[in-house]
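A.B. asks: I have a structure here, written as structure tokens, and I will follow up with some questions on it.
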Amino acid sequence: MHPLQGIKVVTFEHAIAAPFCTRQLADLGARVIKVERPGTGDFARNYDERVSGLASHFVWTNRSKESITLDVKQPQALDVVHKLLGDADVFVQNLAPGATQRLGLDYETLSTKYPRLIVCDISGYGLDGPFRDKKAYDLLIQSESGFLSITGSDGSPAKAGCSIADIAAGMYGYTNILAALFERGRTGRGKHIDVSMLESMVEWMSYPLYYSIAGQPAPRQAGASHATIFPYGPFTAGDGKTVMLGLQNEREWKNFCETVICQPTLHDDDRFCSNSRRVKNRDELTRIILEAFANLSAAQVINRLEQASIANARMNDMHDVWNHEQLEARQRWTKVQTPAGEVPALYPPGLAASDRPRMDPVPALGEHTETILRELGFSVSEVAQMRVAGAV
């Protein structure tokens, strides 16, 4: 039995934040019913065609869900939504600002009809405040939260290569829903959860915020290096390959000097005898390290780092990750079905294959419409009539 088996989730979702949230719930066994627009569906279905004609974002965030198409602007379709909510445990939405209020699907309205319902609103800026009606996408929140100001290098900001603001909001939605389910078990009452992408990202920005408190300079843009710890980041070996390494304390600095670059006297050099001094003189120290690595391959550098018990990593690309020996050894890959056939999928972190995580198919648009409508008591002729009317 999965942990959330028996929990029913109805979701009005698109893009990444809410779908990523509800996919976590589906992974744990919740029944997730995804309401989509007839004909087009979640617009993330059309971001690209990289997975045998399907969109990479959509395949990632929508396995183990059921898809029903409803034109909720039509009264008959909205009636279906309320039938779905009648025995639902959770309602999740990340529609445009104000959309659920116009449909009468806001928490204040729903809580009077369904007092046990947990409602999770995921938005860019939250449901109140001067930015409440402002549209928000991942890159824009990376910018608004200050994330872009400390990434990149030489004054050129660089966005995160994945949807980090969406992921942050999705995970806070997921964890708050789990907490609300526990709370409801004690109180018998539902709960309103208001998750904003901005607040999720600002929480993740708390180290640079505190670092620059009271008007102090913010962390510098340091590319793939650490802004306030050194050496910590990428270094090129003699074969042109990149090694990522990181030192955390003075013991490791001593080992690095003795075993990795074979310059033991550098440990006591006044320019480098503390982390703050190494950061201040990082350009000179970088030159010394690169000279020491010039006659070594990346494999040899990593071997020395391992001998010195210093953290290190290879600079893998996506193809390397697909074939990562650690993931293979731990049997972290499985398969899921999609409308375009079987694709590989990573098991949810924290769950072993022996836990039998739920890894059900990615749904086609409206794949479960008729099944769900019949389950709700609609006859074959009523379903056909709704199709003719464009309600589903």
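Residues checked against (1) crowded, with 20+ Cβ neighbours inside 10 Å; (2) in contact with a Lys or Arg (Cβ under 6 Å, 6 or more places away or on another chain); (3) of a type in the set (A, V, I, L, M); (4) without any contact (Cβ under 8 Å) to a residue 12 or more places away in the chain:
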| residue | (1), (2), (3), (4) |
| --- | --- |
| Arg189 | no, no, no, no |
| Met201 | yes, no, yes, no |
| Leu209 | no, no, yes, no |
| Ile213 | no, no, yes, yes |
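A.B. asks: Restricting to region 277-315, name every residue that is within 15 Å of Gly246 (Cα to Cα) and either of a type in the set (Ser, Thr, Tyr) or in a loop (DSSP other than H, G, I, E, B) (or both).
C.D. replies: Thr286, Ala308, Ser309, Ile310, Met315
A.B. asks: Now a separate question. Among the residues of region 144-161, is there at least one that is touching a helix residue (DSSP H, G or I) at 6+ places or on another chain (Cβ under 6 Å) and closer than 30 Å to Gly190 by Cα?
C.D. replies: no
A.B. asks: Assess whether Gly39 counts as being farther than 28 Å from Ala389 by Cβ and either touching a strand residue (DSSP E or B) at 6+ places or on another chain (Cβ under 9 Å) or in the same structural domain as Asp194 (by TED's automatic domain parsing) (or both).
C.D. replies: On the way: farther than 28 Å from Ala389 by Cβ: no; either touching a strand residue (DSSP E or B) at 6+ places or on another chain (Cβ under 9 Å) or in the same structural domain as Asp194 (by TED's automatic domain parsing) (or both): yes.
The answer is no for Gly39.
A.B. asks: Within region 357-364, is even one residue of a type in the set (D, E, K, R) and within 13 Å of Asp27 (Cβ to Cβ)? If you could, list the steps in order and put the result at the bottom.
C.D. replies: Applying the first criterion (of a type in the set (D, E, K, R)) to region 357-364 yields 358, 360.
Filter once more, so that each one left must be within 13 Å of Asp27 (Cβ to Cβ): 358, 360.
Taking every residue of region 357-364 in turn, at least one turns out to be of a type in the set (D, E, K, R) and within 13 Å of Asp27 (Cβ to Cβ).
A.B. asks: Also, quick follow-up: Specify which of the listed residues (Ala179, Ala168) is at pLDDT 95 or above, crowded, with 17+ Cβ neighbours inside 10 Å and farther than 16 Å from Pro97 by Cβ.
C.D. replies: Ala168
A.B. asks: Here is a further query. So which residues in region 108-150 are under 28 Å from Ala88 (Cα atoms) and not in a loop (DSSP other than H, G, I, E, B), if there are any at all?
C.D. replies: Within region 108-150, Glu108, Thr109, Leu110, Ser111, Thr112, Lys113, Ile118, Val119, Cys120, Asp121, Ile122, Ser123 meet the criteria.
A.B. asks: Mind listing whichever residues of region 180-225 are more than 25 Å from the chain's Cα centre (by Cα), under 30 Å from Ala18 (Cα atoms) and not in a helix (DSSP H, G or I)?
C.D. replies: Gly188, Arg189, Gly190
A.B. asks: Still on this structure, please answer the following. Read through the list (1) in a loop (DSSP other than H, G, I, E, B); (2) exposed (fewer than 12 other Cβ atoms within 10 Å of the Cβ); (3) at pLDDT below 95, then give the number of the only condition that Ser354 fails.
C.D. replies: Result: Ser354 fails condition (1) only.
A.B. asks: Right, something else. Return the residues of region 54-77 that are within 23 Å of the chain's Cα centre (by Cα) and exposed (fewer than 15 other Cβ atoms within 10 Å of the Cβ); say none if nothing qualifies.
C.D. replies: Ser56
A.B. asks: Does region 110-132 hold any residues that are surrounded by fewer than 15 Cβ atoms within 10 Å (Cβ to Cβ) and either over 28 Å from the mean Cα position of the chain (by Cα) or on the phi < 0 side of the Ramachandran plot (or both), and which are they? Show your work before the answer.
C.D. replies: Of all residues in region 110-132, those surrounded by fewer than 15 Cβ atoms within 10 Å (Cβ to Cβ) come to 112-113, 115-116, 128-130, 132.
Once the filter is applied, which keeps residues that are surrounded by fewer than 15 Cβ atoms within 10 Å (Cβ to Cβ) and either over 28 Å from the mean Cα position of the chain (by Cα) or on the phi < 0 side of the Ramachandran plot (or both), region 110-132 yields Thr112, Lys113, Pro115, Arg116, Asp128, Pro130, Arg132.
A.B. asks: Right, here's the next one. Scanning for something more than 30 Å from Ala224 (Cα to Cα) and in the same structural domain as Met171 (by TED's automatic domain parsing), does region 313-333 turn up at least one residue?
C.D. replies: Checked against the condition, which is being more than 30 Å from Ala224 (Cα to Cα) and in the same structural domain as Met171 (by TED's automatic domain parsing), region 313-333 yields no hits at all.
A.B. asks: Further question: Quick test for you: out of Lys34, Lys73, pick the one residue that is of a type in the set (D, E, K, R), assigned to a strand (DSSP E or B) and assigned by TED's automatic domain parsing to the domain that holds Ser196.
C.D. replies: So the residue among Lys34, Lys73 that is of a type in the set (D, E, K, R), assigned to a strand (DSSP E or B) and assigned by TED's automatic domain parsing to the domain that holds Ser196 is Lys34.
A.B. asks: If I filter region 329-351 for residues that are more than 29 Å from Leu28 (Cβ to Cβ) and at pLDDT 95 or above, do I get at least one hit?
C.D. replies: Checked against the condition, which is being more than 29 Å from Leu28 (Cβ to Cβ) and at pLDDT 95 or above, region 329-351 yields no hits at all.
A.B. asks: Do any residues in region 1-15 that are closer than 8 Å to Arg31 by Cβ have Cβ atoms under 6 Å from those of residues that are at pLDDT 95 or above and among the hydrophobic types (A, V, I, L, M, F, W, C), where the two are at least six apart or on different chains, and which pairs are they?
C.D. replies: If the second residue must be at pLDDT 95 or above and among the hydrophobic types (A, V, I, L, M, F, W, C), the pairs left are Ile7/Ala30; Lys8/Ala88; Val9/Leu25; Val9/Ala30; Val9/Val32; Val9/Val90.
The values are calculated or read from the model by the stated rules, or taken from the named source; none is laboratory data. All figures in this text were calculated on a predicted structure; none of them were measured in a lab. Virtual Cβ from ideal backbone geometry, glycine too; neighbours counted across all protein chains shown.
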